[in-house]
Amino acid sequence: MTDSPPGSVPISQKELDVLASTLGLKYQVEDNLSGGRALFSASITLTNRCDIPLKYYTESTSWRIFFCHLRMVEPTYLPLDDSVDLQYAGVRFAHLNGSIFSLSPLKNFKTLEKGDSVLIKFNGQHYSASRTDILPNWYIQVDGLEPRIIKSTEGESLDFVGDFDSPKKYKRFDYVLASGKRRYDTYQPFSPEVRFLRYLSPKEDDDSLQQVVPTPASFQKKSDKSIDIYSGGWKIMLCEDADFLNEAQFLSERINIPLSEERRALCEGEACPSKVIAIRRSEVKTALANSSLVSESYEISVDAAGEFVLISAKEAAGAFYGIQSLLSLSSASSKRKSGQIPECLICDTPRFPYRGMHVDISRNFQSKSEIFRVLEVMSMYKLNKFHFHLTDDEGWRLEIPGLEELVEMGSKRGHDPDERECLLPLLGSGPSASGLGCGYYTVEEYREILRFAKARHIEVIPEIDMPGHSHAAVRAMKVRYDRLMAKDEKAEAEKYLLCDPGDGTPKAYSVQMIAENAMNPALESTYAFVEKVIVELKKMHEDIQPLTVFHLGGDEVPYEAWDVSLSCVALVESGKVEDMDGLMEYFVLRVAELVHKHGLELGAWQDGIVMKNKGPYNRKKFPNRRVLVHFWRNAWETGQAFDAFKLANDDYEVILSPGTHLYFDHPYEPDPEERGLFWACRFVDTRKVFSFAPDNLMSNADVKLTGEKMTKNDRKMLQLEYFTTLKKPQNIKGLQGQIWTELVRTPSQFHEMIFPRLIALAERAWHRCDWEDQDYEKRTGDVEADWSRFAHSLGHKELYRLESSQVPYHIPPPGARITGDGQLELRSCYPGQPLSYSLDNGQTWQEYSTPTDVAACEEVLARVSSHNGRSHSRCVKVSVKSYTDSDEQES
């Protein structure tokens, strides 16, 4: 839009553009502690840096600044009362929906001339203890003009957010319970010295590296000899009884060794062909007692003298995993060039049948190519289930033929307060309906993902989240309804409606502050919609990877939304549902019947099956042969961890996905500069993922939400109050990691939150350690030794593999300390990663290998880098003077 006609608006488009490009905006968390658990205080400072005054015009034509905020602004008043006036600053806050708020001037707003500033103080709900809690791309808008992003808030730097430089800013809470007990956040950001003590001392011997990750059930090194498959003349051969052509071609493409057209039997006593990697179908001994996983079992035999490698498997999946282990054996490390394979015998079987990764692309969309990268690494580490979270409040990301509005409207976010053309610009998307926050997969793109996954023996489990987390779907079907009603096509308009148009404005908000986010369980059109989606999903899968599981989500439903529904009240009064509390079970069972009708099994999140403070729904009511439940709510103090056992005992198939250990949207450190949410715990680093003991669930109860260590007595009290014996351990089917993307916008952020935590997840899903049987306090030493081996393998080898696959990963900051004589000592979280330091505030960097004399300096910067030198950790500052001063005082 160009300049508006004179008199139509109080400001021209050019003037608004100038204001947006020059306006200074600073956001500062002021105090998380003084307001107890309910409130934190923050401030916004606006500074006019141009000649155009920022002022109040009229109530109907003034400017508004729109911004996204994870916490409710002024929760005492909002969201229900949008007329709260902060008179001392002359502004009003209003809540639109979800994370979207606006700030607008009142009549008493003092005009900001060039150079003037205004400080706007306000309260937020709960706490905000991290830079990435603050979302970017605030924008200014005047009716009649195109909105513009305020440049000082644009992009990923978050420079407009003030420092978290005191405990009241980076700690989350400090309050007194009704019992009189104080509950306070004990976490402190790690100092360089704390990291140094947490990190491992590097080992130089080759024995510190794993040959294959995840650890095989049995690995026997037969000699110190090795072969080099890149020495020339090698070929890949399928034995005559094998039909693993796709797997053989996969290997050929990966290592650039030709696939021979010859097929031959390998007879007992006959000399094996030289320089051949042979793949055969064969019965293999399962290395573990669980023989049901024989389809994924394999053996590898490496004969150095004969230069012969034999991969044996009964099924194609086993052959593929054998190939992945061969690729792991032959991959380069900091200590060895690629192609070198030791003479060995591997006999391997997975621990769990379900080894999964959940990816949310609704909150912030990721392209098909980024999903390919995740699937590629999943296959490298033998994960076999891809839980694809395709829909949520913030976006519908899959084309459904016949319901075009789902992507035409529901896949876009932008400035549209009435949500007629697109959704609101939630999560910092900005006002453009074609940029950040927008995107979907066409049917063919989704099918390409299926083909890519199938070739890597990964099952795609699509999730259409319902009945909550459905704002995108509800709004899209409302738009469809209005379009068809305008054509006087009432029957067709009502066919897939997800809300009752006769109901009043819903006043129930989800945890994410979103109204109008729950499908109406009393409308037959809701189930027509669900069935339509199921049918179309089946069609997409059928000739590539037949759909077996439909995941309905079912989590975090704001049940109060149904209280104002005349249809829901009528359904209860009809006697089909006992009371309003029974509406959720009614919905889940209706969907289960639809899923069964189409020959599918059902998946759901824990709270879709277990009502809070109650047991699971009666399993016998489900017609489905299998019902998979992802267990995620396990904050130890609540006792909900025992839901996993209750579900398993009731014959649900349980996938352990606990927030405290396997939620990859949490930060790697308790540091305000680390990206991530922290509702389940303050941080989840790679070691915590690695140390999870699936078969000894309560032994993982390490810390409370406050950061206080769980004691033996704490665990005993939990068991006394909530204890449930696991009677059917066979129903614990596996593990799954989760990445939710509220705070993840770019591809690099996306991958860095997943990797390398996914590798530790794969280790636990595939391999069981002896220390897992031990109580938390007793297993520390054994975990330390096992982690040392794994961490060295990450630093020296596995991160190399990620780099060769062009996959970004998170690099933790270095540990650092200064010795009494002024020597700088550095450590990396994963020994083997390059370390460097700077003596001139980052202008130049020097490689670190051994302790370095820095006694003459006042401050040193240090960092960790990727092996290719393209990526770096956050820099840490190490004060040399404080060390030497304290040493002199001690002397």
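Each value in this text was obtained by applying a stated rule to the coordinates, not by laboratory testing. Predicted model, so just to flag it, every value in this text is computed and none were measured. FYI the Cβ positions are ideal-geometry reconstructions off the backbone, even for glycines, and counts take in every protein chain you see.
Here are the numbers:
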{"quantity": "Within straight-line cross-link reach of Lys538, aspartates and glutamates at Cα separation under 18 Å, skipping those fewer than 8 residues along the same chain", "calculated": "Glu399, Glu404, Glu444, Glu445, Glu448, Glu459, Glu463, Asp465, Glu593, Glu601"}
{"quantity": "Cross-link pairs Lys507/Lys704; Lys285/Lys620; Lys168/Lys881; Lys181/Lys712; Lys314/Lys335; Lys614/Lys733 - those with Cα-Cα distance over 30 Å", "calculated": "Lys507/Lys704; Lys285/Lys620; Lys314/Lys335"}
{"quantity": "In sequence order, calculated HN-Hα J values of the range 651-668 (Karplus, 6.51, -1.76, 1.60; Hz; x Gly/Pro)", "calculated": "6, 7, 8, 9, 10, 6, 9, x, x, 6, 10, 10, 9, 7, 8, 8, x, 7"}
{"quantity": "Pairwise FRET efficiency - Ser838 versus Lys285, Cβ, R0 = 45 Å, nearest 0.05", "calculated": "0.25"}
{"quantity": "Relative contact order, percent, the chain [alpha-carbon distance under 8 Å, six or more residues apart]", "calculated": "11"}
{"quantity": "For the chain, calculated [θ]222 nm from helices alone, where every DSSP H run of n ≥ 4 adds -39500 (n - 2.57)", "calculated": "-7000 deg cm²/dmol"}
{"quantity": "Residues of type lysines that Lys576 reaches as a straight line, Cα spacing below 17 Å, ignoring anything fewer than 8 places off in the same chain", "calculated": "Lys621"}
{"quantity": "Listed peptides 705-712, 857-864 by packing density, highest first (mean Cβ within 10 Å)", "calculated": "857-864, 705-712"}
{"quantity": "Sites Ala491 and Arg870, calculated FRET efficiency, Cβ-Cβ separation with R0 60 Å, nearest 0.05", "calculated": "0.55"}
{"quantity": "Cross-link pairs beyond the 29 Å C-alpha cut-off, checked among Lys169/Lys688; Lys26/Lys877; Lys26/Lys110", "calculated": "none"}
{"quantity": "Met409, Met466 arranged by Cβ crowding within 10 Å, fewest neighbours leading", "calculated": "Met409, Met466"}
{"quantity": "Among Pro831, Gln843, Leu861 - extreme Cα towards positive end, dipole of the range 815-890, charges at beta-carbon", "calculated": "Pro831"}
{"quantity": "Gyration tensor verdict on the range 684-737 (Cα atoms; rounded if a/c is under 1.5, prolate if a/b is larger than b/c, oblate otherwise)", "calculated": "oblate"}
{"quantity": "Three-way shape call for the range 781-891 based on the alpha-carbon gyration tensor, with the a/c threshold at 1.5", "calculated": "oblate"}
